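Note sheet for the following structure.
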Amino acid sequence: LPKDIEHAMCQLATFFTEVEFIAGDVPGSWLGQVNNTYHETKLFMATQVMDEARHLEVFRKRALANGGGLGKCPREVEEGLKYIFDIGSFPQMLARLHLFGEGRVLTLFRMGEMIAQNEAEKAIFRLCAQDESRHVAFGCLQLRQLIKEDPDRIDEIHEALDSAEERTIELGATPEQLEPFLILLGGGEKHMDVGMEKFGVLRRKIVQEYLQRCHSIGINRQERCKLREAEDVNII
């Protein structure tokens, strides 16, 4: 591949490797706290950890496969991912990880086939999106059932999402996150302006799909969503 395209794809693969480490670590840390009575939940979470293990492995291998190598892991990204551990309840974990975090990643994976440079990359994004859609569905179904049985927990879920949105806006998107998308969407470093236009559409799609998921579980964040107020901020 051209050097700029290869470098951008390797940096993007590095970012997804970071994300998928956290996406496996978080549900794994809750497995021992779920009562064995709910063995279906425990078993599904175990499959999620395995899914994320495959994801982080395939993105790491993609970064190393074509001579580009792993990219940078900026401090802002590390801090932005670490906050998912700072939760006080299982529903808050579902809200931050599955509904908010993995929902955003699912949108990016679905976009991946468009920026893929070959059949191997298309297969990576397509198969990862299939896995990720199961994780998002699991979290949404859990939260929907909780709200149905105990509507008083809605405030707890809102608080978790408030924190997630604030953290996203506060940290924004680093060059290591943003530039690979602009290069790949535009078709090279010389066309990053085209990539920026397409990225704006992608950013709005991320927020729109997030709000739709919130609506699907029974909460309305149309007016409360901080991401809508910060549309001029580049967020991933």
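The values are calculated or read from the model by the stated rules, or taken from the named source; none is laboratory data. Keep in mind that this is a model prediction, so the values were computed, not measured. Backbone-built Cβ (ideal geometry, glycine too); neighbour counts: all protein chains shown. Note: areas computed on protein heavy atoms with side chains; ligands, DNA, RNA excluded. Shrake-Rupley method; radii C 1.70, N 1.55, O 1.52, S 1.80 Å.
For this structure, a couple of remarks:
- A Cβ-based charge dipole, computed about the Cα centre of the stretch 64-188 with Lys and Arg at +1 and Asp and Glu at -1, lands at about 500 debye.
- Net charge of neighbours whose Cβ lies under 10 Å from the Cβ of MET114, counting Lys and Arg as +1 and Asp and Glu as -1: +2
- Label point at GLU149 placed 7 Å out along Cα→Cβ; residues across the stretch 203-219 whose backbone nitrogen lies under 17 Å: 217-218
- Using the Cβ of GLY69 as centre and a radius below 13 Å, the other residues enclosed give a net charge of +4, where K and R count +1 and D and E count -1.
- Cα gyration tensor category, rounded, prolate or oblate, for the stretch 15-60 with a/c compared to 1.5: prolate
- Cα-Cα P(r), the chain, percent of pairs per 5 Å interval: 1, 6, 14, 19, 20, 17, 11, 7, 3, 1, 0, 0
- Pairs with C-alpha atoms separated by more than 26 Å, drawn from the list LYS82/LYS122; LYS82/LYS198; LYS42/LYS148; LYS3/LYS198; LYS3/LYS205; LYS122/LYS205, are LYS82/LYS122; LYS82/LYS198; LYS3/LYS205.
- Accessible area in square angstrom per residue, the stretch 69-185, 1.4 angstrom probe: 43 Å²
- Per-peptide average of other Cβ atoms within 10 Å, ordering 215-221, 32-38 highest first: 215-221, 32-38
- About its Cα centre, the dipole of the chain is roughly 580 debye, where the only charges are +1 on Lys and Arg Cβ and -1 on Asp and Glu Cβ.
- Dipole of the chain, positive end: most advanced residue of ALA8, ALA123, TRP30 [Cβ charges, Cα centre]: ALA123
- The stretch 149-236: C-alpha gyration tensor shape, a/c 1.5 cut-off, then a/b vs b/c: prolate
- The stretch 35-146 - percent of accessible surface contributed by carbon and sulfur, probe 1.4 Å: 56 percent
- The Cα atoms of the stretch 11-89 give a gyration tensor whose axes a ≥ b ≥ c have a/c of 1.5 or more with a/b no greater than b/c, which makes the shape oblate.
- Scoring 2-10, 82-90 by mean Cβ neighbours within 10 Å over their residues and listing the highest first yields 2-10, 82-90.
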